[in-house]
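As C-alpha cells, the structure follows; a few thoughts come after it.
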Amino acid sequence: MKSIILTATLLAATSTAAFAYSPDARMRAQQDRIESGRESGEITWREGVKLRRQQAEIMRTEANMRADGHLSRGERRTLRHMQDDASRNIAVK
C-alpha cells in the first residue's frame, strides 16, 4: 500500500514539474545563466553578446511559429533543439 502511494506521489510530482517547466521558463533560466556567467566573469562581454543574440533569435523564431495561434509538435521540437544548442553554448563558455 505504501509503495502505491509513494509511486502515485512521485508520478504526480514529476508530471507537475515537467508541465511547469515551459519553453518560456527555460528561456528565462538560460538568460539567467548568461547573466550569472557575465557577473562571475566566466562569460566575456563578447560571448555574452553572442549568447544574447542567440536567445533573441530563438524568441523571434518562436514568435513567428506562434503567428498561427499555436505550436505544432514539429515546431516545439525545433524550438527545443534550438534551446538545447543554446544551453550547450552557455555551458561551454
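Quick one: dipole size for the range 25-93, taken about the Cα centre, charges +1 on Lys/Arg Cβ and -1 on Asp/Glu Cβ, in debye to the nearest 20.
On the way: 16 positive and 11 negative charges, 24 e Å.
Value, rounded to 20: 120 debye.
Could you work out how much longer the chain between A91 and R28 gets when fully extended? Use 0.36 nm per residue separation minus the Cα distance between them, nm to one decimal.
Numbers: separation 63, 0.36 × 63 = 22.68 nm, distance 1.53 nm.
Value of the extension gain: 21.1 nm.
Calculate, in nm to one decimal, what T61 and R76 gain on full extension: separation in residues at 0.36 nm each, minus their alpha carbon distance. The partial results should precede the final answer.
Numbers: separation 15, 0.36 × 15 = 5.40 nm, distance 1.08 nm.
So the chain would gain 4.3 nm between T61 and R76.
E39 to D84: extension gain in nm, 0.36 nm per residue of separation minus the Cα-Cα distance? Provide the component values of the computation, followed by the final result.
Details: separation 45, 0.36 × 45 = 16.20 nm, distance 2.27 nm.
Gain in length upon complete extension: 13.9 nm.
None of the figures in this text is laboratory data; all of them are computed from the coordinates on show. Because the structure is predicted, anything quoted here is derived from the model rather than measured. As a convention, Cβ positions derive from the backbone with ideal geometry for all residues, glycine included, and neighbour counts pool all protein chains shown.
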